[in-house]
Amino acid sequence: HHRAPRGFRATSVACGRQGRGMGVVRRALAASADDGHDDDHDEDHFLDFGLGVFVMALAFGIIARQINAGARLAHSYTSRKLLELLSRFPYTVFVLLLGFIVGVTFRAGESQGKDRFGDSLTHGLERWTDVSPEVILFAFIPILLFESSFSTDVHIIRHEALQVLFLAGPGVIVSTFLTALFVKYVFNYGWSWTLCLLFGSMMSATDPVAVVALFKDLGVNQRLGTLIEGEGLMNDGSAIVIFNICLAAIEKRRTNNAGLSAGDVVTTALQLSLGGPVVGLVLGAIMSTILGNIINDLKSEVTLTVVGCYACFLVAEGSKLHVSGVLAVVFAGLYLSFYGRGKISIKVEHSLHSFWHIAEYVA
């Protein structure tokens with residue numbers, strides 16, 4: 001019942017094709033014991049990859065989005081009314097709840113020494129549970145930011161620009177200080193003011209995805225949806241600037257027992273808040289120019305936007321510039337939305353936006 005090792009099967013096929021006789025086959029059989037260890041190692045790699053968790057998450061998304069369809073197909077009155085009530089919530093809420101149930105079940109089985117999901121899914125859950133935050137940041141955040149900024153309505157965002165900047169600038173600063181004040185005097189954790197401000201900046205980076213999705217389903221005024229989505233994009237950059245300043249102050253105090261000077265704070269704030277938009281605008285202009293020279297090539301135009309999206313984030317965060325990658329991606333997407341739409345081929349534009357909608361949904 002033991003399956004032949006991959007090395008043995010490949011050798012057998014090669015012998016059959018090249019007519020080298022059974023000598024090579026016998027040598028492959030003699031080495032099959034060693035290949036068994038390699039197969040186990042390869043199988044471990046497969047189990048550790050975590051692909052099953054990714055597929056499960058996509059399946060949860062399908063289930064959550066089809067609750068409304070289930071309400072139409074339900075036979076009993078009670079089930080239909082229950083599903084109609086649940087369908088009023090955004091699908092992201094149900095994905096969160098399903099993931100929470102899986103996480104609790106996984107942790108409960110882990111504490112009891114039981115494997116409730118099978119080897120493959122259990123290894124995948126362990127891999128995703130311990131995933132580095134940088135993987136999430138670099139893999140998924142650029143997609144979400146670029147799609148939202150790229151699909152922004154140009155005319156509406158021009159009228160709402162001042163409100164967006166006010167909410168994402170002074171609004172985030174006020175929110176950060178109020179949250180820090182609450183944590184300092186209510187939680188009583190003994191945290192320093194810098195650490196409280198660090199926590200406040202994290203809590204001030206709101207995510208409007210569920211709210212905007214609900215607005216679209218309810219047919220709310222598009223200006224209000226654009227205002228909230230635009231503020232959500234910009235406040236991520238503002239919160240990260242405050243976060244990085246507080247983090248730098250904590251690290252400097254830990255190493256030199258001295259905090260950041262006022263000059264250091266201003267320099268860091270200007271570097272992060274202005275450097276990111278500059279990088280995004282420059283790379284956005286380059287993408288727009290290249291798009292204008294590509295005619296009716298769907299694969300090239302879609303790939304160019306993907307490369308540009310990640311290039312903005314990598315150049316800003318991974319190079320010696322050390323500027324805000326969030327703001328770089330947002331401003332690159334806004335530049336393409338303002339000036340690059342006319343450069344996209346007419347036959348490609350619909351498919352390009354459909355691709356980014358699907359990419360955002362998967363992310």
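Overview of values
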| quantity | calculated |
| --- | --- |
| All positions within region 301-340 that are of a type in the set (Phe, Trp, Tyr) and within 12 Å of VAL282 (Cα to Cα) | PHE331, TYR335 |
| Filter result for THR179 (under 30 Å from PHE94 (Cβ atoms) and crowded, with 16+ Cβ neighbours inside 10 Å) | yes |
| Qualifying residue in region 189-205 (condition: under 17 Å from the mean Cα position of the chain (by Cα) and in the same structural domain as CYS246 (by the TED database)) | yes |
| Among (1) under 22 Å from the mean Cα position of the chain (by Cα); (2) farther than 24 Å from THR206 by Cα, the one test that SER79 misses | (1) |
| Looking only at region 152-168, and only at residues there that are in contact (Cβ under 8 Å) with a residue 24 or more places away in the chain and open to solvent by 80 Å² or more (accessible area, probe 1.4 Å), the one that is nearest to LEU227 (Cα to Cα) | GLN163 |
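Results for (1) within 18 Å of SER201 (Cα to Cα); (2) not β-branched (Val, Ile, Thr), shown as yes or no for each residue.
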| position | (1), (2) |
| --- | --- |
| ALA239 | yes, yes |
| ILE250 | yes, no |
| THR255 | no, no |
| ALA262 | no, yes |
| LEU272 | yes, yes |
| GLY275 | no, yes |
| GLY284 | no, yes |
| LYS299 | no, yes |
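The values are calculated or read from the model by the stated rules, or taken from the named source; none is laboratory data. Note that the structure is predicted; figures quoted are calculated from it, not measured. FYI the Cβ positions are ideal-geometry reconstructions off the backbone, even for glycines, and counts take in every protein chain you see. Areas reflect the complete protein model, heavy atoms only, side chains present, ligands, DNA and RNA absent. Shrake-Rupley method; radii C 1.70, N 1.55, O 1.52, S 1.80 Å.
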